[in-house]
1. Step by step: first the residues of region 99-115, then only those that are touching a helix residue (DSSP H, G or I) at 6+ places or on another chain (Cβ under 8 Å) and of a type outside the set (D, E, K, R), then the one that is farthest from Pro264 (Cα to Cα). Which residue is that?
2. Would you please name the residue that is surrounded by the most Cβ atoms within 10 Å (Cβ to Cβ), looking only at residues in region 228-251 that are in a loop (DSSP other than H, G, I, E, B) and touching a His at 6+ places or on another chain (Cβ under 9 Å)?
3. For region 100-117, does any single residue satisfy the condition of being part of a strand (DSSP E or B), at pLDDT 90 or above and within 60 Å of the chain's Cα centre (by Cα)?
4. If you scan region 252-261, which residues turn out to be in a strand (DSSP E or B) and surrounded by fewer than 18 Cβ atoms within 10 Å (Cβ to Cβ)?
5. Report every pair of residues separated by at least 6 positions or lying on different chains whose Cβ atoms are under 6 Å apart, first residue within region 357-374 and closer than 13 Å to Gly410 by Cβ, second of a type in the set (Lys, Arg) and surrounded by 13 or more Cβ atoms within 10 Å (Cβ to Cβ).
6. So which helices (runs of 4 or more DSSP H) stay within region 371-442 end to end and still have 3 or more residues that are small (Gly, Ala, Ser)?
7. Looking at region 177-184, is at least one residue without any contact (Cβ under 8 Å) to a residue 40 or more places away in the chain, part of a loop (DSSP other than H, G, I, E, B), within 46 Å of the chain's Cα centre (by Cα) and over 13 Å from Leu271 (Cα atoms)?
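The values are calculated or read from the model by the stated rules, or taken from the named source; none is laboratory data. Being a predicted model, the structure only gives us computed values, none of them experimental. Here the Cβ positions follow ideal geometry from the backbone for every residue, glycine too, while neighbour counts run over all protein chains shown.
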Amino acid sequence: MVIAFASLRFIGAAEVGLVNKRLGQRLRGDQAIAFEGEAGYQARLLMPGLRFKLWPVFSVTKHPWVQVSPGEIGVVISQLGAPLPIGAKSAEYKEVFANFTDLDVFLREGGQKGIQRPVLPPGSLLPLHPLAFLVLTASRVYGVPISRGARKAASALEGFGIGPAQLQVTFVAPQADQDVVAVVTTLEGYAPDGGDIASRLGGFQDIAALEAREAPDAEKMEAILSSKNGLHNNYQDYQAFLENGGRIGLQHDPLLYGSYLLNPFLVRVELVPMLVVRQGEVAVVKAYVGLPTVDTSGEEFKFGSIVRPGHRGIWNEPLRTGKYAINPRLYAAEIVPTSILTLNWANETSTAHNLDAALSPIDGKSREGFVFGIDLQVQIHVPDSNAPKVISMVGTMQNLVNEVLQSAVGNYFRNALQQLPAVQFIETRDIVQERAQQYITGYLSKYDVETRGVYVQDVIFPPELVAVLTEREIANQERVTFEEQQRAQAVRVDLERVRGTADMQKELAKATVNVDIQKAGAAARSAQAEGEATFVRLTGQAEADRRRAIGLAQAKAIEALGLAKAAGYEAQVSALGQSATAAVAVAGAVADGHVKIVPDVLVGSADATGAFTGLAATMTGALRTWGSGPGRPTASGGPDASDVSNDSDASDAVGPEVEPVVPA
């Protein structure tokens, strides 16, 4: 009855009973567990419940089921099985092993001793053989170590070379101030080929295939940045990782955000910043892995190798705006601002970047020895297509500022200031600024960098020069003040003139109206006079034309009469002679009354004989002489009937009418 009672064992709900047989055949070789009834620990476990094992042949020890708490993982270490191959650090895993609960299947299918590659996920509750398997969790160690050393270390994880933190689920999540990725280092596998510093599944044969078909660079960059972690479930299936060619060491493909069940004996991770390229920036990639370097920059470029994506060297295409899960241990990315970059040579730095943190105001001396402090601002621009060459020449943007710009800009202003007098520098500051921009533009063009502006923000004058300039400025201001006062007085004079004009505006308006009236009257009179003159001129012209016509007619008549008289005279001359004809003409003129031959007072004289002399006597004698000619009156005083007619026009026949000239 005592034996029967002692043979009963109650196994709890979360326990297993490990049976130890005290009597039986000895185990063979290094076999630690009996499968065929040998003496020793038995392979078959007692499950929960009331169990019977004959005492004292069998002894039973109770062990808890393996329980993995949330947020933890369980690393399985097999104490049974085939030995590991030389150089192996973990046991090969097969799908038939499942979760290691069937010890017979594990050993029959070739299970190996040592660390098992898969881990137990959180929440696992498994009745594992406590002698066949040790399970390490963050909270405790399950199983019975066989060796003494293992038994001593079973209570402390440090004996296995890991700590509780490494037995937690691996979380990759954004940090408070930055995005991150997990760089993976594997601890088992063959060495990388060709001296590579990192392992990429399949190497770079896919990139070589893309180049063979002349794929664009963007497609090759996409292939490099894409991850192959899906082939091994993000290193959680380490067996698949090795079967797909995974190698030991640094891995090409990092882990993105998520939670991962990684075996700490095989995989280590490190959180590093994710490559973030913001708007207005590009990232120039320096690749330390890939196909051999093939320079594409040409013979004229002497500052390093510019290669196509997938080769070792500086890629000819930068990465543009975006976030990239790229391993910074393999690809160094230099951020290059492609927006206009403002650099301040001043005590304050830019808020957008800290590239000018080491820059300070420029100190220089004028020709006279005055020391100036110059606050300067330079704006530069790096085109995104030129960014790889710029980085190849200077290394980093910080080097461009500190090594290239600082020396060029500082030396130029020091030289320019030293060549000018202090006052001239101050007065021609804009000219100095313009020449500085021309110089810096030409200098930076050698580095494929554009200059967008050079501005002298402030000039710190020496105190003694400030005093001189202050006095000069005061004098200038006083001169300006006097000139303004003079102009004010002139304006005042003009104001008084205008005011007086305004006061006399009524009289001025009346005078102006009177002037206008007088002008209008004068214009009217002028118009009237001009009309009268025109009338007189036209009337006189008409009268002159009439008189001219009458005169022409009279002239014609007189001409005809004269011609007739001339003909008569010629006939008289032929008949009487010239003297007689003249006497007849005089007589006719006297008869017509045109000639006054007897003056109102007659003065005369007589000669010795008592005869009168003078004009009357002369004419009387002439008439006597004419009367004695042929055809003239006879002695009795009567005319010859044959010569003289009694016609009333006989006087016209004598000859033309001649007006004698009578002396006054």
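1. From region 99-115, those touching a helix residue (DSSP H, G or I) at 6+ places or on another chain (Cβ under 8 Å) are 100, 105-106, 109, 111; that's our starting set.
Narrowing the set further to residues that are of a type outside the set (D, E, K, R) leaves 100, 105-106, 111.
Details: Phe100: 19, Val105: 26, Phe106: 23, Gly111: 20 Å.
Across region 99-115, the extreme among qualifying residues is Val105.
2. From region 228-251, those in a loop (DSSP other than H, G, I, E, B) are 228, 233-237, 244-246, 248; that's our starting set.
Next, from what is left, pick out any that are touching a His at 6+ places or on another chain (Cβ under 9 Å): 228, 244, 246.
Details: Lys228: 16, Asn244: 13, Gly246: 23.
For region 228-251, the residue satisfying everything is Gly246.
3. From region 100-117, those part of a strand (DSSP E or B) are 112, 114-117; that's our starting set.
Okay, now just the ones that are also at pLDDT 90 or above, so 112, 114-117.
Now narrow it down to the ones that are within 60 Å of the chain's Cα centre (by Cα): 117.
Yes - at least one qualifying residue is present in region 100-117.
4. Here is the first cut: in region 252-261, the residues in a strand (DSSP E or B) are 255, 258-260.
Those that are in a strand (DSSP E or B) and surrounded by fewer than 18 Cβ atoms within 10 Å (Cβ to Cβ): Gly258, Ser259.
5. Gly364/Arg414
6. On the way: elements: 387-394, 406-418, 422-427.
Per the criteria, 406-418.
7. Just the residues of region 177-184 that are without any contact (Cβ under 8 Å) to a residue 40 or more places away in the chain, to begin with: 177.
Restricting the remaining residues to those that are part of a loop (DSSP other than H, G, I, E, B) gives 177.
Remaining after also requiring within 46 Å of the chain's Cα centre (by Cα): 177.
Remaining after also requiring over 13 Å from Leu271 (Cα atoms): 177.
Yes: region 177-184 contains one or more residues that are without any contact (Cβ under 8 Å) to a residue 40 or more places away in the chain, part of a loop (DSSP other than H, G, I, E, B), within 46 Å of the chain's Cα centre (by Cα) and over 13 Å from Leu271 (Cα atoms).
Residues are listed down the side, and each one gets a yes or a no for (1) outside the structural domain of Val105 (by TED's automatic domain parsing); (2) surrounded by fewer than 17 Cβ atoms within 10 Å (Cβ to Cβ); (3) farther than 30 Å from Phe171 by Cα:
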{"residue": "Ser7", "(1), (2), (3)": "no, yes, yes"}
{"residue": "Phe10", "(1), (2), (3)": "no, yes, yes"}
{"residue": "Ala13", "(1), (2), (3)": "no, yes, yes"}
{"residue": "Gly24", "(1), (2), (3)": "no, yes, yes"}
{"residue": "Asp30", "(1), (2), (3)": "no, yes, yes"}
{"residue": "Ala43", "(1), (2), (3)": "no, no, yes"}
{"residue": "Phe52", "(1), (2), (3)": "no, yes, yes"}
{"residue": "Gln67", "(1), (2), (3)": "no, no, no"}
{"residue": "Gly71", "(1), (2), (3)": "no, yes, no"}
